[in-house]
1. Can you pull out the residues in region 119-143 that are farther than 30 Å from Ile13 by Cβ and either assigned to a strand (DSSP E or B) or of a type outside the set (A, V, I, L, M) (or both)?
2. Working carefully through the options Asn68, Asn121, find the one that is surrounded by fewer than 18 Cβ atoms within 10 Å (Cβ to Cβ), in contact (Cβ under 8 Å) with a residue 12 or more places away in the chain and either out of contact with any Cys (no Cβ under 8 Å at 6 or more places or on another chain) or of a type outside the set (S, T, N, Q) (or both).
3. Residue under question is Ala28, and the condition is that it be hydrophobic (A, V, I, L, M, F, W, C), touching a residue at least 12 places away in the same chain (Cβ under 8 Å), open to solvent by less than 40 Å² (accessible area, probe 1.4 Å) and outside any helix (DSSP H, G or I); does it hold?
4. When you go through Thr20, Thr14 one by one, which is the residue that is open to solvent by less than 20 Å² (accessible area, probe 1.4 Å) and modelled with pLDDT of 95 or more?
5. Given the conditions (1) under 24 Å from Val177 (Cα atoms); (2) open to solvent by less than 70 Å² (accessible area, probe 1.4 Å); (3) aliphatic (A, V, I, L, M), report the number of the one that Ile94 does not fulfil.
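The values are calculated or read from the model by the stated rules, or taken from the named source; none is laboratory data. If you're wondering where the values come from, they're calculated on a predicted model, not measured in any experiment. Cβ coordinates were reconstructed from backbone atoms using ideal geometry, including for glycine residues, and neighbour counts include every protein chain displayed. Calculation scope for accessible area: heavy atoms of the full protein, side chains included, ligands and nucleic acids excluded. Shrake-Rupley method; radii C 1.70, N 1.55, O 1.52, S 1.80 Å.
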Amino acid sequence: WQAVYEADLKNGITWLPPATLNNTYALALNQANAKKYGTKTLSDVAALAKKNRSAVTLCVESEFAARNDGLPGMQKKYGMRLPASNIQKMDGGIVYTQVSKGGSCTYGEVFTTDGRIKAMNLEVMRDDQHFFPNYNAAPEINSKAIKKWPAIREVLGPITKKLTNDVARTLNGKVDVEGQDPHEVAKDWLIEEGFIKGG
């Protein structure tokens, strides 16, 4: 964040402090497999892969399978050596469905703020060695505007602080799973939290 903040000042953009909301990659599994294998972290998954290679099957998107900050890098960091037969590449939306069923793959690539995690009651593995990059949400403002109206910081600061992965999953679930209008979902949350008045 600091590096981006400093670089973008030269572009006339001011970044405000980031939220804890971090929309990064993760592996998740359904509750039945979570109970069966007891994994909580990516280190646990790596240990399981060494002990019982057939237990660790992955459903991932093609991009994640090829990116250095995706599957290849994760396997290297955690010392996983999964055979190609344990990895299925598919569309991102199908990954969630397959992991929820728990049949064709035990673990699936997910985005940490996706509403389907909560809707499908998936268990997200903690990245205990901090491999995946942080993608924290943060407001960015035209520097001239924030200089003219410095109160923007005070208005957006408390909202940003309230944005967590759990909040994002709940709100994203209302949009992606229940089909609600994103504008209305955001507005309702702002009203519930007391940031704006209804009407």
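1. Hits for region 119-143 are Asn121, Glu123, Val124, Arg126, Asp128, Gln129.
2. One residue alone meets the criteria, Asn121.
3. Yes.
4. That would be Thr14, the only listed residue that is open to solvent by less than 20 Å² (accessible area, probe 1.4 Å) and modelled with pLDDT of 95 or more.
5. All conditions are met except number (2).
Each row is one residue, and each column tells you yes or no for (1) aromatic (Phe, Trp, Tyr); (2) under 27 Å from Ile13 (Cα atoms); (3) in contact (Cβ under 8 Å) with a residue 40 or more places away in the chain; (4) in contact with a strand residue (DSSP E or B) (Cβ under 8 Å, 6 or more places away or on another chain).
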site: Ile146; (1), (2), (3), (4): no, yes, yes, yes
site: Pro158; (1), (2), (3), (4): no, yes, no, no
site: Leu163; (1), (2), (3), (4): no, yes, yes, no
site: Asp181; (1), (2), (3), (4): no, no, no, no
site: Val185; (1), (2), (3), (4): no, no, no, no
site: Phe195; (1), (2), (3), (4): yes, yes, no, no
